[in-house]
Amino acid sequence: VPSDGDSVVEKRKGEELLSPEENKKKKKKVTTPRPACSWVHFSREFIKEYSASHPESSGLKAATKAASDAWKSMSVEEKAKYAKRAREVWDNYLSTAPARVPKPRRQAKLITRCSPGRLFNVLQRLTLDQQAAVKSMGFGSLLALRCRTLRRSLCLWLLERFNIARISMNICGERIPLSPQDVELVLGLAASGKDVVNSGPDDLISELRRSYNATNRGISLRLLEDRLAAPEAGDDFKRSFVLYALGTLLCPTARLDVSPSFFHFLTNMDVIHQYNWGKFLLDRLVREISRFRQGKQRAVGGCLLFLQLFYYERISVGGTCDLFPTVVPCLSSWGEAEITDREKREKELGGYGRGEVIYKERCHATVVVVTDGAQPDGMPMGEVGTIAEHRFGFSDEGDQVKVDHVNGAIVAEEANIAVNFEKGNVVCGDIEEVIEPVRALCRNRDYGCPESVNYMEDADHEETCVYAPCACPLQGCSFVGSSEQLSLHFSSKHWDCGRHFQYNCPIPVSLDTDEQFLVLQAEEDGLLFLLNKGIENIGYALMITCIGPSSSKERFFYDLVSERGINSLRLKSCAYSFPGRLEGLPPTDFLLIPFSYLSSSGQLNLEVCIWNS
């Protein structure tokens, strides 16, 4: 039996048999040490003198402590000698040392609570009555969910290209805007109706909080799963399903639990189908991405599945856009097999973003022209509608319309009649009749837009329309109108709820600790601005936004100044436009004011100046 000594000898013999090159590889490379700082130069000199003058002290602990105390008591002029010496050594090091090769950065891992597979498992166990209850609330499209997993590498790639201020994605060299209508197209959730408000007095939801054992952290997903396992399909089931869908897929936060603030819009389950879920989901997604980028949370909240499927629908990787009918909602078109095949084609092209952007009408507003008796109710003959707006479908029996879009052209097939839309004209093969291009009124016509749009030529009008709707920022007011209409509304209905100001003139402003925002209205043009206030760990975050269409090209600079004695904090930034008051803090620059800047009366005193040039 060999002893330990024999094994050591064998190991050394094996090392001797290695070539010199292999031995070098095993040895750690010796690199030039980085030069010391001024403190190290001082401490070396001090410790040497201290040890000579204090022979009774043993070890370096006492000498190092004395050096530290001496260094702290030295003036800047006394430290300059050592700082100069350190600078000379550092300059010599930079001129002689070889350039350091930076290590490749590891790709950050995506942490998210968005889990379509968890919701998928619950959907498979629902009874017929429960499925009917889900459809009655307007969430029936989720029953067609086929995707179980997120492609995290794609979601991370999309997050890097998400523009928070403009709510768009920069892909393939183009800016692709996102809107609530896109949420409706992809997920099948309503993009019109009343705004979803998840705030209000806590006493109104205290009973619901007790019923669901809601803590400050949230509502347990396991508790909701147990409730959904029961066969009943009443209001309790509906409320639990909406909470579970929001917490696992539609609006997950950075935490594992569901936010109890959702109880505020779940008190009356009879009006759930009347809410604008598309707008709420998109606003929450923007808010969560903003918080992630600011470093406030490690995980990314929001519906990342929407971003993933939206990318699949808007980017073609087949070289040319194949002719196939658009399925609404797109959620039902993407299962695990289809996603795996799509990812394989992305890899063959060399990665994401190598395809072609499909123009807007194909995905955002599928255009359908109906003739010869196939006219849906409420849609006049010859008008152009959208699937998202009219929600009409065609059965397999009778006249069936298939609509496809190819590089700006639309091909419709009805029975045996082929209709080709090219350059604004309609050519019917069997009829041989040329029809003038069809125009439709802008969807903002109710807010004053007089334009009629030819969607085959001017697809971007509604993105840049100055009559885009804006919402009144005050709670309890449901007014929605153009920026000009909102200005007149606020002046007449809420004249005492804001603060008037003149451009280019600073004004003093005071905010109470419980005030979340203050409305500022310009005397010259009546435009509305919001002074937003949020709470951070060490103070208050303040910024100014303009209430107007997100596509507005008007830019207003502003100054925020907060003073305390001889100290002052100042922010000079640009006020971006948002069509209302966002939940949480808008994704813009902000001024962080410590709690110590509060006045003796508990108010936050500021000086505000907004420029119109």
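The values are calculated or read from the model by the stated rules, or taken from the named source; none is laboratory data. From a predicted model like this one, the values you see are computed outputs, not experimental measurements. Neighbour counts run over all protein chains shown; Cβ positions are idealised from the backbone, glycine included. Ligands, DNA and RNA are excluded from the accessible area calculation, which covers all protein heavy atoms including side chains. Shrake-Rupley method; radii C 1.70, N 1.55, O 1.52, S 1.80 Å.
Points worth noting:
- If the segment from residue 90 to residue 589 were pulled out straight at 0.36 nm per residue, it would be longer than the present Cα-Cα gap by 175.9 nm.
- Computed over the stretch 470-612: relative contact order in percent, which uses C-alpha pairs under 8 Å that are six or more apart: 28 percent
- The stretch 38-93: Cα Rg divided by the 2.2 N^0.38 Å rule of thumb: 1.24
- Computed over the stretch 145-270, the P(r) curve from all C-alpha pair distances, binned at 10 Å from the origin, holds 10, 34, 33, 18, 4, 0 percent per bin.
- Protection proxy ranking of 444-450, 281-287, 180-186, by the mean of other Cβ atoms within 10 Å over each peptide's residues and highest first, is 180-186, 281-287, 444-450.
- In terms of its Cα atoms, the stretch 516-583 spans 38, 26, 19 Å along the principal axes, sorted from long to short.
- For the stretch 116-357, the carbon plus sulfur part of the accessible surface works out to 48%, probe radius 1.4 Å.
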